[in-house]
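A short worksheet on the structure shown next.
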Amino acid sequence: MPEDILHIELPLLGFFQELQERSQGFHLGTGAYFLMQEALKTGIGVASKEDLFSLCKVLWMKPYYHKEEWFRQLFDKHLRELLISESGEPEPEKEPEQKASFSRKSDEKDAQLPEEESSEKSGEAEEEPDTETKGETDNEPTLVFEDSADLQATINKTDAEVRQIVFATDFLIEGDYYPLTGRRMKQNWRSLRQVKREGAKREFDLEGTIEETTEKGYLEELMYRSPRENKTLLISLFDNSPSMVAFFELGDQLVSTASRYNHIGTHEVYYFHNCPARFLYRDKEHDLEESLSEIEDKAHSSILIFSDAGAARGLVVPERVEATIRFLSKLKNHKVAWLNPMPRHRWANTSAEYIALYVNMFSTTAEEFSNAIKLLKSRFKGSLEESFG
Amino acid sequence: MNPLKYTGKKLLKAARIKREGLPDEVIQPYLVHEELSKAVNLAILLKRPLLLMGEPGCGKTRLAQAVAYELYHQEEEDRITRDYREWYFEWNIKSTEKAKDGLYYFDAIERLRDAQAALKLKEAEEYVHHRAMGLALQKSVASNQRAVLLIDEIDKADLDFPNDLLNELDKSEYTIPETGKTYVSPAKPIVFITSNNEKELPDAFLRRCLYYYIPPMKEGLLKRIIHSRFYSDGVPTADADLVEKAVKQFIEIRNRLEKEKLTVGKNVSTGELMDWFEALKFYHHLAKANGHPDPTTQALIEELEKLGKGARDIPYAQVLLKNWNSLVAFERM
């Protein structure tokens with residue numbers, strides 16, 4: 001009884017709550033819910049389902065987090081549940097119709113095996129059951145069953161199960177399924193920005209002019225300053241060996257989000273297999289070589305390494321560990337953050353565990369990625385300083 | 001007083017406003033989708049800013065003016081009894097702006113110059129130039145007299161800007177440190193914010209705004225817009241055939257370019273359709289008046305079915321396809 005009251009007093013609460021949960025960390029806030037109530041009270045959105053949907057869109061759908069199609073599906077799902085619970089059970093009403101057609105069939109002794117029936121049923125979920133079954137009687141081979149009542153029961157049961165699966169709309173189209181989403185990546189890249197004033201002094205400097213003038217006591221000359229430029233330099237090394245195939249998309253997303261909005265001034269991307277060695281490659285096919293010394297020379301740049309460090313294979317491979325450590329020692333003048341797509345608890349007893357002793361290794365959750373970027377921003381060189389002096 | 005409500009029906013035809021000593025101001029017709037007008041009224045009712053996004057040229061910048069015009073402009077027998085311009089304020093964001101810059105600008109250099117040149121130094125207050133947001137805040141009085149403020153291209157500004165902006169809008173007064181004077185803002189203006197999505201906007205800002213995405217317009221609406229804009233006077237008489245074919249061709253181009261979006265960069269917009277139609281209309285009707293049909297528009301009308309041709313065959317293509325990539329992409333198709 002109290003639940004019913006709640007249900008009426010708080011319309012669309014289920015929808016709102018699910019929206020909050022599924023928005024990749026973005027919270028609408030309870031204020032947004034009260035806004036909805038306010039609007040409903042004045043009579044907006046109650047005229048029709050479309051009207052209500054328009055209202056929900058304007059109040060609750062936000063750019064970057066929600067795609068309209070997905071939003072619509074979620075809305076439809078909750079509205080359907082609402083209608084079902086209030087008006088009794090419209091769904092099961094359909095079943096008696098089909099039961100009737102089935103019993104007609106079994107009476108005619110043209111029954112088929114239950115599996116065939118249910119697979120056909122699911123294929124025709126949207127269409128009129130009557131016309132379809134009529135068609136089947138004409139074309140399909142017939143089998144006679146002894147106990148048609150038993151068969152009927154089996155058919156009904158599988159049918160119900162299949163319909164449950166087919167009509168279940170808990171499957172919503174969502175793009176991001178990694179804990180680290182594109183949006184978080186972009187936000188973190190932005191924080192890495194180092195904007196300095198460099199280059200020829202082309203911009204008029206108001207504050208400088210005023211200062212100069214106050215010192216001199218009169219306005220003699222106008223002062224100029226250099227325009228702001230994005231001086232962030234980031235070098236990313238991506239492991240695209242076969243063991244990383246599950247993470248290629250994540251890697252691509254890291255590259256595209258970094259370059260798309262120009263958060264990073266200069267972003268150099270290189271690829272390697274398993275362990276970076278003397279040569280790295282500017283392309284995924286490993287055709288365009290670049291010697292490691294080129295990178296070593298770019299002093300004081302930030303380096304991001306994206307690799308499972310052997311955690312995906314699940315073994316400790318001493319040669320790999322050694323080679324990696326040797327490679328890392330060459331980078332001791334740089335700030336290095338190692339991003340490992342395998343979750344942290346999977347690093348134990350693999351090469352990754354040992355490599356992580358020499359370099360700051362982060363897993364790809366939103367929080368750890370944020371920490372990785374903070375390391376790259378800071379003056380502190382991290383573990384490399386400790387490991388290699 | 002009636003509560004403020006926007007119907008979108010006041011600018012179905014162009015509005016011509018006589019301005020003293022200046023050429024007439026012309027406001028082109030502005031037709032809205034019913035859903036958008038609902039969103040506008042919701043924003044007015046709930047006193048929240050409305051964030052508008054959509055392809056460049058879809059008309060998001062013009063909405064604020066259309067709303068201000070409908071709500072506030074009154075004329076009686078060709079005389080302005082209430083000018084919408086007193087209630088409409090525009091702020092075009094530049095990348096280095098801070099929220100404070102929308103409120104006012106203190107002309108320190110002018111004051112310095114006056115002091116140096118030994119001219120009569122005016123009161124500090126006189127060097128304050130009130131800006132769009134400040135004016136809008138001061139003008140908004142009771143709930144039925146709220147000024148309309150347009151904040152255009154908010155994504156051009158710095159990351160912290162949108163949150164600062166909302167803080168300023170929420171306050172009921174603001175002080176100018178250079179003069180020490182405080183200005184009161186009795187009510188919140190009706191705020192429209194547009195974004196081109198160059199950079200992403202912060203979460204806190206998104207939470208506080210209502211959001212509407214203007215989708216690419218469909219055939220029916222485009223035809224109505226063309227009729228309102230180019231044929232509302234009745235002279236010349238509308239050529240329904242020309243309109244129909246032009247709109248269909250436009251939509252076809254738009255769909256094709258949408259598929260190649262990444263290489264082309266920029267798709268054709270409603271604004272460009274207007275320019276293109278203007279060219280088409282001019283030459284078409286000119287030729288008609290002269291007695292012989294204009295060969296290029298004739299080609300358009302006759303051969304539009306064969307939509308496999310290149311950009312060169314579209315009359316006045318250069319008005320519609322603005323960058324090299326889109327021409328190339330279209331040729332390739």
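The numbers here are math on the coordinates, done by the rules we state, and not lab data. Predicted model, so just to flag it, every value in this text is computed and none were measured. Quick reminder, even Gly has a Cβ in these numbers, built from the backbone with ideal geometry, and neighbours come from all protein chains shown.
Tell me which residues come under 5 Å, amide H to amide H, from residue A:339 once H is placed; ignore anything under 5 positions away on its chain.
Close amide H contacts, sequence-distant or interchain: A:305, A:306, A:307, A:362.
At a 10 Å Cβ-Cβ cut-off, how would you order B:272, A:249, B:258, fewest neighbours first? Display every interim value, and only then the final one.
Details: B:272 20, A:249 10, B:258 13.
In increasing order of surrounding Cβ atoms, one gets A:249, B:258, B:272.
Any chance you could check the Cα centroid distance between segment B:1-39 and segment A:268-327 for me, in angstrom?
Each part's Cα centre sits 62 Å from the other's.
Measuring from label point to label point, each 7 Å out along Cα→Cβ, what is the residue A:367 to residue A:225 span in nm?
It is 3.9 nm.
Which order do A:313, A:320 fall in if you start with the one that has the fewest other Cβ atoms within 10 Å?
On the way: A:313 17, A:320 20.
The order, fewest Cβ neighbours first, is A:313, A:320.
Pairs B:60/B:259; A:77/B:188; B:94/B:223; B:18/B:94: which exceed 28 Å Cα-Cα?
Numbers: B:60/B:259 23 Å; A:77/B:188 37 Å; B:94/B:223 35 Å; B:18/B:94 31 Å.
Beyond 28 Å between Cα atoms: A:77/B:188; B:94/B:223; B:18/B:94.
Do any trypsin sites (Lys or Arg not before Pro) in segment B:86-118 lie in a DSSP loop with no more than 10 other beta carbon atoms within 10 Å, and if so, which? If you can, show how the numbers build up before the last one.
Values: sites: B:94, B:98, B:100, B:111, B:113; in loops: B:94, B:98.
Qualifying residues, ordered by number: B:94.
Can you pick out the pairs among B:156/B:281; A:62/B:171; A:62/A:377; A:67/B:38 whose Cα atoms lie more than 28 Å from each other? Before the final figure, lay out each step's value.
Details: B:156/B:281 36 Å; A:62/B:171 25 Å; A:62/A:377 30 Å; A:67/B:38 20 Å.
Cα-Cα > 28 Å for B:156/B:281; A:62/A:377; rest within.
Mind jotting down the distance between the C-alpha centroids of segment B:80-129 and segment B:175-206, whole Å?
Centre-to-centre distance over Cα atoms comes out at 17 Å.
Whose amide H sits under 5 Å from the amide H of residue A:205, counting only residues 5 or more places off or on another chain, with H placed in the peptide plane?
Close amide H contacts, sequence-distant or interchain: A:223, A:224, A:225.
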